[in-house]
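Engineer: Just dropping this structure here.
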Ligand code: SF4
Ligand code: SF4
C-alpha cells in the first residue's frame, strides 16, 4: 500500500470511491438482485405448497456428495441460468415502437436504483474507510430526488411501446408514484425532526443505544406511524403487490413491459428488485438502526484496527435488510391487488393526512420536551 | 341477484385484521411445506403419476407366457385404426412362419407411429388374438419423428408378457387332433 499513500489525497479519494462503487455494485447489489429473484421464487413456492426451482445443476459443483445436490434442490444455480438465458434470447424490437425511447426506458428504470445506494451507510468503518460511498449531508433529499426519477423509466416505457396496455401501465405508474412519494416524503419529515440532521450516518448514530436497557433506540419504536406509512409507500414505489398496478398481469398483460423481451425485459425486472433492495436498505437505515445492534457495543463505529467489528457491522446491515426483503416477498404472495381508486384513496385521503398529523404530533411533543 | 354489501366497521377498514389473517395463512403454508407435510408437487421425471385401471396409454404388442409372439398378422387393427397409425408388413407366402403352434403366420414388421396414434383402443378391441394392448405408458418422447415410430421388436419388448388364461391356440390344436386335421405347423 506504499504507492497508494504517495498519491495525493484527491486521487486517493477517487480511487477508493471507485473501489467502493465497484464492490457494492458487483459484489453486493447485482448478486443480491439475482438471488432475491430466487428467494422470491422459492418463498412463493413454499407458500403455495410447491417446490420451486430445483433443477439447475453445475457440472462439477453439483457432484459434491450431499451438499451439491442440496444446493441444486435449493435452486442456488438458477440465477446463473436465468442470466445466461436473458442474454441468449432474441432481443426483439416491435415495429411500432418509438425506438430511441424504447431503448432508453429500461436503463432509466435501473440506474436510479443503483444511484440511491450511494448514500446508504452499509457499515461503519473498515480500516480507515467509512462504509458509505458518498457521505452526503443531504443524503435523504438526494435519494428522494433520485428515486422519483425511476418513474420516468416506466412512463417512458409505456409511451415508447406505443400500444395500449403499456400505455395504461405507464399512466398508472406515474399517478401512483406521485401520490405515494408525497406520503413517503412526509413520513420521514418526522424522523428528521427527531434526529435534527439529513445525513444518514447521523440518523444511524442517533439510533445507537437503548431505552430502559433493552428496547433499542430504533426509530421504528419512536415513530411507528411514520414507519408504517413509509413501508406502504415503499411497496407502492417499488410497484410490488398489492400495489403493482403498473404491471398487473391479469388486466394489463404485463403493463409497461408488455412489449419488452430478453435483456431489456430483464433490466426492468432487475430494476424492480434493485428498488426493493434499496427501499429495504433505506428502511433499515431510517427505522432499524442501520448497521448497529444495541448489544456487545456493536452500536459504536469500529476503530480502524477493528476489522472484525467493521465486518460484523456490514453483516448486521445485510441481515436486517434481508429480513425486510423477505417481508416484501412474503406480502406479495399474501395480498391481492388493490383496485386503482382504492390505491389513490389510500394514498391521498389516508396516508397524507396521517403523515401530516404525525408531523404535527412530533412537533408538539418535541416542543413540550424542550421547554 | 343483488349482493348485499356489508358495511365494514372501523377495525375492518384499517385492513389490519385482513393483514394478520393473510400472514397467518401464508405462514402456516410455508411452515407446513418446509417442515411438515412437504410440497404437493410431484417431481415429474423422478416421480410418475400412477394411472388408474383402464387407462389407455400407448399400444404395445405382447408375447404369451411361452415367449411366442401372439400377433398373427391379420391386419384387423391396421384396418380399424382411425388415424392409420399402424403399418403391418405381412410375411408373404414364402415368409417366415409363426413361432408358436397352430398359428398361420406372424408379422414380418409391425410399426406403430406414436405421433399418429390417438390412444383410442380400437386396436386392442378388434384384435382376435389379444395380441395388442393399450398399456399405461403416457409419456412417449423422442428427439425426431423417426424415433417415434415403434417397430415390432420395440413394441414386443415394451409390451412384455401377457398371461393368457384361455390359450385358445391349444384348444385349437386339440380340436384339430380330434378331428384328425392338422394345422400348418405341429
Ligand atoms: S390406439 Fe387407436 S390410434 Fe392407436 S394404434 Fe390403436 S387403433 Fe390406432
Ligand atoms: S395385433 Fe391383433 S389385430 Fe393386429 S394384426 Fe396382430 S393379431 Fe391382428
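Engineer: I'd like to check something: does the stretch B:51-67 contain any residue that is under 17 Å from residue B:130 (Cβ atoms), within 16 Å of ligand 1 (Cβ to nearest atom) and modelled with pLDDT under 90?
Structural biologist: yes
Engineer: Look at residue A:178 and say whether it is out of contact with any helix residue (DSSP H, G or I) (no Cβ under 7 Å at 6 or more places or on another chain) and closer than 19 Å to residue A:233 by Cβ.
Structural biologist: Answer is yes for this residue.
Engineer: From A:84, A:37, A:138, A:51, grab the single residue that is modelled with pLDDT of 85 or more and exposed (fewer than 15 other Cβ atoms within 10 Å of the Cβ).
Structural biologist: Selected residue: A:84, the only one of A:84, A:37, A:138, A:51 that is modelled with pLDDT of 85 or more and exposed (fewer than 15 other Cβ atoms within 10 Å of the Cβ).
Engineer: Just checking, does the stretch B:67-76 include any residue being surrounded by 13 or more Cβ atoms within 10 Å (Cβ to Cβ), more than 9 Å from ligand 2 (Cβ to nearest atom), in a loop (DSSP other than H, G, I, E, B) and within 14 Å of another protein chain (Cβ to nearest Cβ)?
Structural biologist: no
Engineer: Before we move on, is residue B:131 closer than 26 Å to residue B:177 by Cβ and at pLDDT 90 or above?
Structural biologist: Against the criterion (closer than 26 Å to residue B:177 by Cβ and at pLDDT 90 or above), residue B:131 qualifies.
Engineer: Scan the stretch A:35-70 for residues that are within 13 Å of chain B (Cβ to nearest Cβ), free of Cβ contacts under 8 Å to residues at least 24 places away in the same chain and part of a helix (DSSP H, G or I) and jot them down.
Structural biologist: Of everything in the stretch A:35-70, those that are within 13 Å of chain B (Cβ to nearest Cβ), free of Cβ contacts under 8 Å to residues at least 24 places away in the same chain and part of a helix (DSSP H, G or I) turn out to be A:45, A:46, A:69.
Engineer: In addition: Pairs needed: first member in the stretch B:89-107, within 18 Å of residue B:61 (Cβ to Cβ) and modelled with pLDDT under 85; second member anywhere, within 11 Å of ligand 2 (Cβ to nearest atom) and not in a loop (DSSP other than H, G, I, E, B); C-beta distance under 8 Å; at least 6 residues apart or different chains.
Structural biologist: B:98/B:69; B:99/B:69; B:100/B:69
Engineer: Further question on the same structure: Are there any pairs, at least 6 apart or on different chains, whose C-beta atoms fall under 7 Å, with the first in the stretch B:1-30 and facing chain A (nearest Cβ under 10 Å) and the second not in a loop (DSSP other than H, G, I, E, B), and if so, which?
Structural biologist: Here the result reads B:26/A:47; B:26/A:330; B:29/A:47; B:30/A:46; B:30/A:47, each pair linking the stretch B:1-30 to a residue that is not in a loop (DSSP other than H, G, I, E, B).
Engineer: Would you please list the contacts, defined by Cβ atoms under 6 Å and residues six or more apart or on different chains, that run from a residue in the stretch B:41-62 that is within 14 Å of chain A (Cβ to nearest Cβ) to a residue that is assigned to a loop (DSSP other than H, G, I, E, B) and surrounded by 10 or more Cβ atoms within 10 Å (Cβ to Cβ)?
Structural biologist: Close Cβ pairs (under 6 Å, with a partner that is assigned to a loop (DSSP other than H, G, I, E, B) and surrounded by 10 or more Cβ atoms within 10 Å (Cβ to Cβ)) amount to B:41/A:50; B:41/A:51.
Engineer: Now, a different point. For residue B:120, indicate whether it is under 27 Å from residue B:51 (Cβ atoms), assigned to a loop (DSSP other than H, G, I, E, B), out of contact with any helix residue (DSSP H, G or I) (no Cβ under 8 Å at 6 or more places or on another chain) and within 12 Å of ligand 2 (Cβ to nearest atom).
Structural biologist: Taking the combined requirement at face value, the residue does not satisfy it.
Engineer: Something else: Just to be sure I understand, how many residues within the stretch A:305-337 are more than 10 Å from every other protein chain (Cβ to nearest Cβ) and outside any helix (DSSP H, G or I)?
Structural biologist: 3
Engineer: Determine if the stretch B:88-110 includes at least one residue that is in contact with a strand residue (DSSP E or B) (Cβ under 7 Å, 6 or more places away or on another chain), within 19 Å of residue B:164 (Cα to Cα), within 9 Å of ligand 2 (Cβ to nearest atom) and part of a loop (DSSP other than H, G, I, E, B).
Structural biologist: yes
The values are calculated or read from the model by the stated rules, or taken from the named source; none is laboratory data. The structure presented is a predicted model; accordingly, all values stated were derived computationally and were not measured. Cβ: placed from backbone, ideal geometry, glycine included. Neighbour counts: every protein chain shown.
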